[in-house]
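I have a structure I would like to understand better, so I am pasting it below and will then ask my questions one at a time.
The values are calculated or read from the model by the stated rules, or taken from the named source; none is laboratory data. The structure presented is a predicted model; accordingly, all values stated were derived computationally and were not measured. All Cβ positions, glycine included, derive from the backbone under ideal geometry; neighbour counts span all protein chains shown.
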Amino acid sequence: MHPHPIQKKNIILGVTGSIAAYKAADLASKLAQSGAIVNVVLTEAAAKFIAPLTFQSVTGEPAYSDADLWGADAHVLHIGLARKADALLIAPATANTLAKLAHGGADDLLSLTALALGTGADTPLLMIAPAMDAGMYTHAATQENVEILKRRGVVFVGPEAGHLASGLVAKGRMSEPADILGQLRYQFSRRGPLLGKHIVVTAGPTQEIIDPVRYLSNRSTGKQGYALAQAALDAGADVTLISGPVHLSPPGGATCVHVRTALEMEKAILSACQTADALIMAAAVADFRPAQAADQKIKKLGGAPALPLSANPDILAAVNQQRATTQKPNVVVGFAAETQSIIANAEDKMRRKGMNFIVANDVSAHDAGFAVETNRVTLLHTAGRKEELPLMSKAEIAAEVIERVITLLNPQENA
Ligand code: PMT
C-alpha cells in the first residue's frame, strides 16, 4: 500500500511575523502527526508572536530563530537545512518575506535558507501561504512579487477572504492548516502510479426535493467517498470528486463538483466520465424522487399529503450506455449498501451494472456502512473471486480499493 505522501519527508516550516503565526503551531503539529520530520525556522518578528519552544514541543525537532545565526554552526546552518529539505513551507508569509524571496534578499536565517535551496528542476518544493492585511496583499508591489515567485515554480496556498486583524473583511487570511497540509500532500503525491490518470469518485447522499424546505435523502456522510478521493490523489491521479451535500472539505488537489439531486449527479458524472479512466461510485444515490417538487411549502392544513414518487435514473446504467461509444471509463467500481443477502445482492448489482468489481458493505452493522469511521467490506470481482477485508478505517478501505484500480489500469506492469 502507498505510504502517506508526507511520511518521512524533511519539511522546513518557515514562520514569519504575522498574527497568523499562532496557527503555524497547529500546522507544525499536523505535519509531525502525518509522519514528516519538521524543522521550524522563525524570523525575529515571528519569535515575538510565538516561541521556538512551542514548535520544538510539537515536532520533537529543533526549531531555529535568528539567535541561532550567530551560534557555533552559524555559517553552515542554512546550507544544512536547505540540503536536507524536501520542501520549504512558509506559513504565514508576510509581504516583507515575499519581497525578500522574490528579489533574493538574504538577511535572516529563513531568507538565507530559501536562497540556499537554489533554483532549477531538482530544487525542493517551495510552498507559501501568505497572510497580511488586504491593502498590502493587493498592492501592486506584492502582486508583482507573487507573480515573480509563481513564475519560478513556487506554489501558493491562499490567502483566503475573511476577518483580518485590522477589522477589515477581505482577502488576506492565512489558509487553514488542514488546507495547507492537503496542498502539500497533493504536491508530494505527483509521482504515484496513477499519475496522468483521471479518476472520478462520487460521494455522499442525494437530496430529492419535496418542496422549498423539505427533501428525501439518506444517511450517507460522504466519509467513504472522500477517503477514496484522497487515496486516488495520494496515488498520483487527477481526481474529480462529485459530491452530494455533506459536511466535509474536499481533499487538496481534487476538482470538486457539488450536486444536490440524483439528476444533477447523473449529469455531472456523465460529463466527467468522458475523460475518465475509472469511476468509483460510492455515492448513495436516491432511487426515487417526489414526482413533482412543490413550488411553495406544502401546508399541513389539508392533512398529510400523498407523495407520489418517480424512479430516478440508474446512473451506472447511463454510464454504461455512454461507455459503449466513448470507451470511457475503462474501469467502473460500484458499492453495494445491503442489509440482507449481501453477497448475492451485490453480485447481481455488479453484473447488471457492468462493474469491474463491487465493494459490498453490510450497512446494518453498527461499525460499518453509513456515517461511522470504519467499514467492513467484501470485494467481489467479475471472475468470481471474493476478498473479505477485516474491519478497517474508511481510509484503509479506500487504499485497498485504489490498489485494485491501479492493477486494473496498469495490467502489463502488474503481470
Ligand atoms: O458516506 P458514508 O457515510 O461514509 O457511507 C458510505 C456508504 C455506505 C454510502 C458507501 O460505502 C456505499 O455503500 N455507497 C453506495 C450506496 C448505494 O447507493 O448502494 P446501492 O446498493 O443502492 O447502489 C449500488 C450502486 O449503484 C452504487 O455504486 C450506487 O452509487 C449506484 N447507483 C445507485 C442508484 C442509482 N439510481 N444509480 C446508481 O448508479
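For region 90-142, please list each of the helices (runs of 4 or more DSSP H) lying entirely inside it that holds at least 3 residues being touching a His at 6+ places or on another chain (Cβ under 8 Å). Give the steps one after another, and end with the answer.
Working: elements: 95-103, 109-116, 134-138.
So the answer is 109-116.
Based on this model, can you work out whether A114 counts as surrounded by 19 or more Cβ atoms within 10 Å (Cβ to Cβ), closer than 17 Å to S18 by Cα and either among the polar types (S, T, N, Q) or touching a residue at least 60 places away in the same chain (Cβ under 8 Å) (or both)?
Here the answer is no, as A114 does not meet what is asked.
Determine, yes or no, whether G120 is surrounded by fewer than 16 Cβ atoms within 10 Å (Cβ to Cβ) and within 26 Å of F188 (Cβ to Cβ). I'd like the intermediate steps shown before the answer.
Numbers: surrounded by fewer than 16 Cβ atoms within 10 Å (Cβ to Cβ): yes; within 26 Å of F188 (Cβ to Cβ): yes.
So G120 passes the test.
Quick one: is R351 more than 23 Å from the chain's Cα centre (by Cα), outside any strand (DSSP E or B) and within 23 Å of R323 (Cα to Cα)? Write out each step before concluding.
Details: more than 23 Å from the chain's Cα centre (by Cα): yes; outside any strand (DSSP E or B): yes; within 23 Å of R323 (Cα to Cα): yes.
Against the criterion (more than 23 Å from the chain's Cα centre (by Cα), outside any strand (DSSP E or B) and within 23 Å of R323 (Cα to Cα)), R351 qualifies.
Taking L181 as meeting all but one of (1) more than 16 Å from the ligand (Cβ to nearest atom); (2) hydrophobic (A, V, I, L, M, F, W, C); (3) assigned to a loop (DSSP other than H, G, I, E, B), write down the number of the exception.
Going through (1) more than 16 Å from the ligand (Cβ to nearest atom); (2) hydrophobic (A, V, I, L, M, F, W, C); (3) assigned to a loop (DSSP other than H, G, I, E, B) one by one, L181 breaks only (3).
One line per residue, one yes/no per condition, for (1) β-branched (V, I, T); (2) away from the ligand (no atom under 16 Å from the Cβ); (3) surrounded by 10 or more Cβ atoms within 10 Å (Cβ to Cβ):
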| site | (1), (2), (3) |
| --- | --- |
| R289 | no, no, yes |
| Q292 | no, yes, yes |
| Q296 | no, yes, no |
| L301 | no, yes, no |
| L309 | no, no, yes |
| N312 | no, no, yes |
| I315 | yes, no, yes |
| T325 | yes, yes, no |
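Among (1) crowded, with 17+ Cβ neighbours inside 10 Å; (2) outside any loop (DSSP other than H, G, I, E, B); (3) small (G, A, S), where does G17 come up short?
Among (1) crowded, with 17+ Cβ neighbours inside 10 Å; (2) outside any loop (DSSP other than H, G, I, E, B); (3) small (G, A, S), the lone unmet condition for G17 is (2).
Touching a helix residue (DSSP H, G or I) at 6+ places or on another chain (Cβ under 8 Å), in the same structural domain as A232 (by TED's automatic domain parsing), outside any helix (DSSP H, G or I) and of a type outside the set (A, V, I, L, M): which single residue out of G334, G302 fits that description?
Numbers: G302 fails: touching a helix residue (DSSP H, G or I) at 6+ places or on another chain (Cβ under 8 Å).
Selected residue: G334, the only one of G334, G302 that is touching a helix residue (DSSP H, G or I) at 6+ places or on another chain (Cβ under 8 Å), in the same structural domain as A232 (by TED's automatic domain parsing), outside any helix (DSSP H, G or I) and of a type outside the set (A, V, I, L, M).
Scanning for something within 30 Å of L98 (Cβ to Cβ), away from the ligand (no atom under 13 Å from the Cβ) and in a loop (DSSP other than H, G, I, E, B), does region 206-224 turn up at least one residue? Even if it seems obvious, please write down each step before you answer.
In the first step, residues of region 206-224 are kept if they are within 30 Å of L98 (Cβ to Cβ); the result is none.
No: region 206-224 contains no residue that is within 30 Å of L98 (Cβ to Cβ), away from the ligand (no atom under 13 Å from the Cβ) and in a loop (DSSP other than H, G, I, E, B).
Also: Kindly establish whether K9 is within 27 Å of the chain's Cα centre (by Cα) and farther than 25 Å from G158 by Cα.
On the way: within 27 Å of the chain's Cα centre (by Cα): yes; farther than 25 Å from G158 by Cα: no.
No: the conditions fail for K9.
Just wondering, is there one or more residues in region 313-321 that are assigned to a loop (DSSP other than H, G, I, E, B) and more than 29 Å from E388 (Cα to Cα)?
Yes, that holds for at least one residue.
Select from region 231-267 the residues that are within 24 Å of P212 (Cα to Cα) and in a helix (DSSP H, G or I) and write down the one among them that is nearest to the ligand (Cβ to nearest atom).
So the residue we want is A262.
Is at least one residue of region 343-364 near the ligand (Cβ under 8 Å from one of its atoms), surrounded by fewer than 22 Cβ atoms within 10 Å (Cβ to Cβ) and without any contact (Cβ under 8 Å) to a residue 24 or more places away in the chain?
The answer is yes, given that some residue of region 343-364 is near the ligand (Cβ under 8 Å from one of its atoms), surrounded by fewer than 22 Cβ atoms within 10 Å (Cβ to Cβ) and without any contact (Cβ under 8 Å) to a residue 24 or more places away in the chain.
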